[in-house]
Amino acid sequence: MKKILPVIISFCILLSSCSNFKKTKSVTLLDIKQSAENPIRVLFDTDLGNDIDDVLALQMLLNYHKQGKINLLGISISKANPLTIEYIDGFCNYNGLPNMSLGYVYKGAMPEDGNYLRQTLETVVDGEKILKPQRSVSDSIPEGYKFLRRMLVSQPDQSVVLVVVGQETNISRLLKSKADEYSDLNGVDLVRKKVKFISIMGGHFGSNAFPEWNIKTDLESAQLVFSLCPVPVIASGYEIGDALLYPHTSIQNDFSNPEKNPLCVSYYNWGHMPYDRQTWDLTSVLVAVEPGEEYFSYSPCGTITIDSEGNSVFTQNEKGKHRYLILDSSNAESVVNKLVRVVTSK
């Protein structure tokens, strides 16, 4: 692992209105010094187990954490399958980060096992399982939104970036939450106080738009999050990840002992190799940690509303807190190469 030198990056955030910040090209920027001494504080909310891109996104965050670019505070799970707890716990252990703080969505969406959770957990190589979880649902994993409240209250004000890739159940429950043993603030006020911005994979903002999967699988939660969230939201729509395919050759060639690597094993189990998979969730991780204009540009400020069918409707408004990513097709290869470098830590 190469030593990562402290760097200075630009955070794309929109706190109360676009006019509050200096404008550079098409996106408002606030310069924040980020270094090994002051890494970005991240909470990750994922429905890992439904699609393989969640695993790649988690690997990105773990690599960023090990490089000192972020402090991955914890992971809240929005897929209501207890095997996801074991998978994520084992995956973090495999990556040398045991005892990662976890929360879990009880009575949530998508309880199915999917194509790789159980298969990867049961994979044995040389007489040993490749994933060795130490925790399961029987270990009193806290409710997702309560976990988020507990994690947020201990952080400095406006310091946390929420990366949300999946159903927005935990986030909507957080926003609806009342004062409790962790904070006298309700959920909206707690998020306003502690969160810098939210990077969400959700919606569709391209041509021929349709209800995007993360939105429609818990429609009520998505509607609530976009209507109540008091801090800036950067949405990576379906069209972004759909245009950026993670190359199967990376899975085949960039990892030592791929038969023992849970990421590679999961990728092989999820689909029929060789296949290149869309990078939906990876883009939300990238823009959360490296949000300048090198990879994407941004829509004007506005408001995203979710209609009764799950369509994402954007209305431009200079006081709005929402933006969505825009990809220049000529930059697609560069972005994919960047994603591969972060996933593989090369």
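The values are calculated or read from the model by the stated rules, or taken from the named source; none is laboratory data. Keep in mind that this is a model prediction, so the values were computed, not measured. Ideal geometry is used to build each Cβ from the backbone, glycine not excepted, and the neighbour counts take in all protein chains shown. Note: areas computed on protein heavy atoms with side chains; ligands, DNA, RNA excluded. Shrake-Rupley method; radii C 1.70, N 1.55, O 1.52, S 1.80 Å.
Side notes on the structure shown:
- Selection of first residues in the stretch 47-67 that are farther than 18 Å from V265 by Cα and of second residues that are outside any helix (DSSP H, G or I) and basic (K, R), restricted to Cβ pairs under 9 Å at least 6 apart or on distinct chains, gives the following pairs, ordered by first then second residue: D47/K79; N63/K69; Q67/K2; Q67/K3.
- Taken together, D139, D89, D113 contain a single residue that is of a type in the set (D, E), at pLDDT 95 or above and farther than 22 Å from L56 by Cβ, which is D139.
- Check on S312, of a type in the set (G, A, S), open to solvent by less than 50 Å² (accessible area, probe 1.4 Å), modelled with pLDDT of 95 or more and under 17 Å from I215 (Cβ atoms): yes
- Qualifying residue in the stretch 290-307 (condition: in contact (Cβ under 8 Å) with a residue 40 or more places away in the chain, touching a helix residue (DSSP H, G or I) at 6+ places or on another chain (Cβ under 6 Å) and under 28 Å from K132 (Cα atoms)): no
- Lone unmet requirement of (1) under 24 Å from I251 (Cβ atoms); (2) β-branched (V, I, T); (3) touching a strand residue (DSSP E or B) at 6+ places or on another chain (Cβ under 9 Å) for V105: (1)
- Checking L48, L73 one by one, the residue that is under 27 Å from V191 (Cα atoms) and assigned to a strand (DSSP E or B) is L73 and no other.
- Residue count for the stretch 124-181 satisfying the condition of being assigned to a helix (DSSP H, G or I) and open to solvent by 30 Å² or more (accessible area, probe 1.4 Å): 9.
- One residue stands out in the stretch 60-70 among those that are in a helix (DSSP H, G or I) and open to solvent by less than 10 Å² (accessible area, probe 1.4 Å): the one that is nearest to Y246 (Cα to Cα), namely M60.
- Residue match in the stretch 273-284 (condition: in a helix (DSSP H, G or I) and of a type in the set (A, V, I, L, M)): yes
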